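The structure under discussion appears below in the form of structure tokens.
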Amino acid sequence: MSEKTGGRGVVLVSGGMDSAVTAALARTECDFLGFLHVRYGGRTQLREERAFWNLVGRMVPERHLVTDCPALGEIGGSALTDRSIAIPEGELGREGIPVTYVPFRNAHFLSVAVSWAEVLSCDRIYIGAVEEDSSGYPDCRRIFYDAFEQAARLGTSPQASSLSIRTPVIRMDKGKIVREGVRLGVPFDLTWSCYREGEKACGQCDSCLLRLRGFARAGVADPLEYEKAPPGAP
């Protein structure tokens with residue numbers, strides 16, 4: 001475990017398991033954390049926001065902020081923001097970029113995070129992107145965060161010129177993320193991963209299948225309820 005360095009960080013918290021584990025890892029390094037949630041018009045916006053508030057209540061960051069990025073919903077082009085595009089059945093072996101990719105979403109989120117970090121005098125931003133065991137989104141690659149970090153340093157005040165973008169789970173598979181979360185006491189029962197609407201996770205979309213596979217690999221029971229989870233998980 002990293003030792004706290006007195007750092008100040010902004011954590012992008014979607015309400016999902018990856019961002020919750022990222023927040024817990026950030027706490028091992030920082031004395032001050034701001035949890036940031038960005039609503040963007042996704043299908044599960046209300047459920048994700050509820051998960052965020054539950055995590056805020058349990059993890060108690062020093063600051064929290066919920067804000068909006070309506071442009072992504074208005075632009076569409078993704079099954080997560082355009083209801084005319086169906087959420088596909090999960091297929092973890094699928095190649096290419098899936099229709100659930102929201103075009104350049106993480107850049108929008110990071111822009112908000114950089115602005116807030118500058119105001120809060122934070123020296124780092126955390127995001128729970130996963131490259132090794134994900135749906136294949138291009139804005140979840142470390143090469144993208146390296147480039148964005150450089151742009152953020154160039155486009156902020158001199159006081160923020162050393163700002164870093166931290167991606168502590170980016171090289172982990174979902175099993176390791178679950179194990180890290182268990183070690184850190186992450187309340188997985190408060191998180192939400194499903195792409196579809198409902199009080200129970202569908203158990204069939206890519207995000208549910210990735211989550212279920214992670215818990216299965218970690219040998220840990222997933223505390224979420226599913227409408228239809230594959231027997232024994234994938």
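Things worth noting here:
- Computed over neighbours whose Cβ is under 14 Å from that of PHE148, the net charge equals +3, Lys and Arg +1, Asp and Glu -1.
- Taking each residue as 0.36 nm, the span from THR67 to ARG171 lengthens on full extension beyond its C-alpha to C-alpha distance by 34.6 nm.
- Seen from ALA129, the other residues with C-beta closer than 9 Å to its C-beta sum to a net charge of -1, counting Lys and Arg as +1 and Asp and Glu as -1.
- Charge tally around GLY42: other residues with Cβ under 14 Å, Lys/Arg +1 each, Asp/Glu -1 each, net +1.
- What the Kirkwood sum gives for the stretch 125-234 is a hydrodynamic radius of 15.5 Å, with every pair of different alpha carbons counted.
- log₁₀ of I(q)/I(0) at q = 0.09, 0.13, 0.19 Å⁻¹ - the stretch 26-158, Debye sum with one point per alpha carbon: -0.30, -0.64, -1.31
- Value of relative contact order over the stretch 7-218, rounded to a whole percent, pairs C-alpha under 8 Å and six or more apart: 27
- Rounded to the nearest 0.05, the FRET efficiency derived from the C-beta distance between ARG50 and ARG94 at R0 = 30 Å is 0.55.
- The length gained by stretching the chain between SER84 and THR156 to full extension, at 0.36 nm per residue less their Cα-Cα distance, is 22.0 nm.
- Angstrom value of the Kirkwood radius, inverse mean 1/r, which spans all Cα pairs in the stretch 19-61: 11.2
- Each of the peptides 47-60, 94-107, 203-216, 169-182 was scored by the mean count of other Cβ atoms within 10 Å over its residues; in descending order, highest first, they stand as 203-216, 169-182, 47-60, 94-107.
- Of the DSSP H helices in the chain, those whose Cα atoms cover at least 20 Å axially and whose Kyte score averages 0.0 or more: 105-119
FYI, it's all coordinate maths here, none of it is from the lab. In this text the structure is predicted, and so the values were computed from the model without any measurement. All Cβ positions, even for glycine, are placed from backbone atoms using ideal geometry, and neighbour counts span all protein chains on display.
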